[in-house]
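Taking it in order: structure first as structure tokens, then the write-up.
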Amino acid sequence: MQEALAKPYHKPSDLHGSYLRRFYRAMGGKVALLLQNTPVTPNHVTLASFFLGLLALPFVVWGVFPFHLIAAGLLFLSMILDKADGSLARLKGTSSALGTWLDSTTDYLGIFLFFLMVGAHFHYVQDKPIYWFFVFLGFGGYNISKLMYIYFKRYFGKDADAVVEEEKEKHPLRSSFHVNEIFVNNIFFLFLLIGRLDWLLWFMAGYGLLFSAGIYGVLTYKAVRKNRTHSPEEGMYSKF
């Protein structure tokens, strides 16, 4: 796996990423190599990944276990393509702000829609509207941890990057300070495979909130250790 990722069309950070990130990046790299000499663009791959995720949504709502297996298969293919678009952009030398924007926003929208469809499954198929509460907690925990990480990067800049790299060096499982899309998508994939969407919501609600609380403590501790003063230019835009 390490050798497969030591290619110029992969991100250097993937060498120290989580095991799941390494796996999907390696698989996506193989897809990118197949598409390198075709008219297919990275943005086409991004949209194809999103479309596969959308195709999985009705199978999530219908709620019959074989349909959940189909949804899991579509989600797995979507996750591979999600890592192929960046590799293809680097292979073709066409990396762009638009591509990064599409990749990030479609990932986020896809996760939101998956949570929404799981809630719809319990509301309309199983007649258990109480599960919307767990949808709210699960998606809320994901968002809170993500926002904390964004603000930490914003206020501590290069020091925040140093903290992240330090944690990556310690262990690949510490490759992110937030509940990232790879983790969430694989949790969906796992619980779709075993046909327990109720466990999925309970897990994401509990893990998302506990992770957010824990990571706030970690980031605050790191912030104290990495504390710095604003430059005059930065101070003009600071809230403090």
Check on Tyr24, modelled with pLDDT under 85, among the aromatic types (Phe, Trp, Tyr), touching a helix residue (DSSP H, G or I) at 6+ places or on another chain (Cβ under 8 Å) and within 20 Å of Ser104 (Cβ to Cβ): yes
Within the stretch 31-46, the residues that are surrounded by fewer than 15 Cβ atoms within 10 Å (Cβ to Cβ) and in contact (Cβ under 8 Å) with a residue 40 or more places away in the chain are Gln36
Name the one entry in Ile80, Ile111 that is among the hydrophobic types (A, V, I, L, M, F, W, C) and either over 18 Å from the mean Cα position of the chain (by Cα) or more than 22 Å from Trp199 (Cα to Cα) (or both). Ile80
Assuming Ile70 fulfils every condition listed in (1) farther than 19 Å from Asn186 by Cα; (2) without any contact (Cβ under 8 Å) to a residue 60 or more places away in the chain; (3) of a type outside the set (Gly, Ala, Ser) apart from one, which condition is it? (1)
What single numbered condition from (1) at pLDDT below 90; (2) of a type outside the set (Gly, Ala, Ser); (3) crowded, with 16+ Cβ neighbours inside 10 Å; (4) in a helix (DSSP H, G or I) fails to hold for Leu210? (3)
Any chance the stretch 54-68 includes a residue that's surrounded by fewer than 19 Cβ atoms within 10 Å (Cβ to Cβ), under 19 Å from the mean Cα position of the chain (by Cα), of a type in the set (Gly, Ala, Ser) and closer than 25 Å to Gly208 by Cα? no
Would you check if there is a residue in the stretch 171-182 being modelled with pLDDT of 80 or more and surrounded by 14 or more Cβ atoms within 10 Å (Cβ to Cβ)? yes
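Table: residues versus (1) modelled with pLDDT under 90; (2) out of contact with any Leu (no Cβ under 6 Å at 6 or more places or on another chain); (3) over 17 Å from Tyr207 (Cα atoms); (4) not in a loop (DSSP other than H, G, I, E, B).
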| site | (1), (2), (3), (4) |
| --- | --- |
| Phe122 | no, yes, yes, yes |
| Pro129 | no, yes, yes, no |
| Trp132 | no, yes, no, yes |
| Val135 | no, yes, no, yes |
| Tyr142 | yes, yes, no, yes |
| Tyr149 | yes, yes, no, yes |
| Ala160 | yes, yes, yes, yes |
| Val164 | yes, yes, yes, yes |
| Glu169 | yes, yes, yes, yes |
Right, Gly99: within 17 Å of Asn186 (Cβ to Cβ), modelled with pLDDT under 90 and in a helix (DSSP H, G or I) or not? no
Those residues of the stretch 75-96 that are exposed (fewer than 15 other Cβ atoms within 10 Å of the Cβ) and in a helix (DSSP H, G or I) come to a total of 0
Criterion violated by Ala71 - all others in (1) within 30 Å of Val125 (Cα to Cα); (2) surrounded by fewer than 17 Cβ atoms within 10 Å (Cβ to Cβ) satisfied: (2)
Matching option when the condition is in contact (Cβ under 8 Å) with a residue 24 or more places away in the chain, hydroxyl-bearing (Ser, Thr, Tyr) and touching a Gly at 6+ places or on another chain (Cβ under 9 Å), among Thr94, Thr106: Thr106
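The values are calculated or read from the model by the stated rules, or taken from the named source; none is laboratory data. This one's a predicted model, so the numbers in the text were calculated from it and none came from an experiment. As a convention, Cβ positions derive from the backbone with ideal geometry for all residues, glycine included, and neighbour counts pool all protein chains shown.
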